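Here, each number is a calculation from the coordinates, and none is a lab measurement. Here the structure is a predicted model, which means the values were calculated and not measured. Positions of Cβ are backbone-derived with ideal geometry, glycine not excepted, and every protein chain shown enters the neighbour counts.
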Amino acid sequence: MSTATVRSVSERLSAAGTANALELRGVTKRFGALAALTDVTITVKPGERRAVLGSNGAGKTTLFNCVTGDFLPTSGTIRLFGEDVTNFPAHERIRRGLRRTYQISLLFTGLTVFDNVYLACRGVSRGRFSMLRPRKGDTLVQSAYELIEAVHLSDIAQIKVSELSYGQQRQLEIALALAGAPRFVLFDEPAAGLSPKERAELVEILTNLPSHIGYIIIEHDMDVALRVAETVSMMHNGRIFKEGLPSEIESDPEVQELYLGGGHG
Ligand SMILES: Nc1ncnc2c1ncn2[C@@H]1O[C@H](COP(=O)(O)OP(=O)(O)OP(=O)(O)O)[C@@H](O)[C@H]1O
Ligand SMILES: [Mg+2]
């Protein structure tokens with residue numbers, strides 16, 4: 001290997017080490033006359049856990065859709081681990097370690113928990129078009145069971161999804177988003193509709209994820225958000241109007257006025 005090649009590899013690695021996980025600069029997204037996002041700038045470090053809070057229609061899901069490539073922003077740039085992915089299709093962002101969950105469930109309800117997770121693992125691996133049935137000792141089988149354990153569903157791995165409680169289905173969605181060793185995950189309201197016990201379980205699952213996995217969680221429940229996030233961004237009318245530590249956000253008068261005082265459910 002030439003000296004030049006060695007240098008360029010080490011430069012690339014050190015650049016990757018210092019790059020932010022996610023960087024949005026001046027992102028605006030318009031739907032006709034409606035600006036769903038206006039000049040949004042966000043920086044999230046590798047492994048950082050961020051909550052995005054804001055009222056209905058604030059632009060939170062649109063933000064996720066721009067990051068994943070489901071929508072192209074009207075203007076602005078999006079960088080993922082240092083690379084400009086603004087115009088990349090969604091699958092290229094997935095290939096770079098980005099995953100998401102949806103506000104609406106997208107599970108195969110006729111299949112078991114295991115089958116859903118196994119298929120997700122297969123979907124992001126090489127050889128995904130093979131028709132072979134899963135075999136014991138197959139590394140994907142192993143990965144699927146590890147993910148099922150990470151979301152506390154080991155006891156019911158062979159149960160059909162249609163028989164799971166709502167909360168268990170949301171836990172399964174987290175396992176699907178974790179398939180294929182992601183580096184950064186976007187969770188869209190994973191606590192919506194959960195009971196207090198299920199919320200506590202969700203908090204435990206998220207806080208126990210491997211520390212290199214960063215995420216953004218959209219959350220209406222301030223209690224959940226402040227426990228699973230290290231940093232918080234507040235959105236209103238398509239703009240980020242405040243960022244800070246959970247303790248700073250909780251005690252901020254503007255946040256209390258706009259968000260907590262707004263009778264948000
Ligand atoms: N595909 C779309 N076409 C047109 N308008 C859209 C589209 N997606 C979102 N919007 C609009 O953009 C604005 C922001 O919506 P978004 O779904 O991002 O809000 P949100 O913060 O996720 O809200 P919620 O808390 O209700 O999920 C809303 O006014 C919404 O109606
Ligand atoms: Mg939304």
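Please specify each residue of segment 55-100 satisfying the condition of being in contact with a Leu (Cβ under 9 Å, 6 or more places away or on another chain) and under 19 Å from Glu243 (Cα atoms).
The answer is Ser55, Gly59, Lys60, Thr62, Leu63, Phe64, Val67, Ile78.
Could you run through segment 222-248 and say how many residues are in contact with a helix residue (DSSP H, G or I) (Cβ under 7 Å, 6 or more places away or on another chain) and free of Cβ contacts under 8 Å to residues at least 60 places away in the same chain?
Residues flagged as in contact with a helix residue (DSSP H, G or I) (Cβ under 7 Å, 6 or more places away or on another chain) and free of Cβ contacts under 8 Å to residues at least 60 places away in the same chain within segment 222-248 amount to 3.
Could you pull out the residue among Leu53, Leu80, Leu107 that is surrounded by 20 or more Cβ atoms within 10 Å (Cβ to Cβ), hydrophobic (A, V, I, L, M, F, W, C) and more than 16 Å from ligand 1 (Cβ to nearest atom)?
Of Leu53, Leu80, Leu107, the one residue that is surrounded by 20 or more Cβ atoms within 10 Å (Cβ to Cβ), hydrophobic (A, V, I, L, M, F, W, C) and more than 16 Å from ligand 1 (Cβ to nearest atom) is Leu80.
Go over the candidates Ala19, Ala33 one by one and state the one that is free of Cβ contacts under 8 Å to residues at least 12 places away in the same chain and either of a type outside the set (Gly, Ala, Ser) or surrounded by fewer than 22 Cβ atoms within 10 Å (Cβ to Cβ) (or both).
Ala33
From the list Val67, Val52, exactly one residue is within 16 Å of ligand 2 (Cβ to nearest atom) and assigned to a helix (DSSP H, G or I). Which is it?
Exactly one residue qualifies, and that residue is Val67.
Take Gly69 and tell me if it is under 19 Å from the mean Cα position of the chain (by Cα) and within 23 Å of Asp223 (Cβ to Cβ).
No; evaluated as a whole, the condition is false for this residue.
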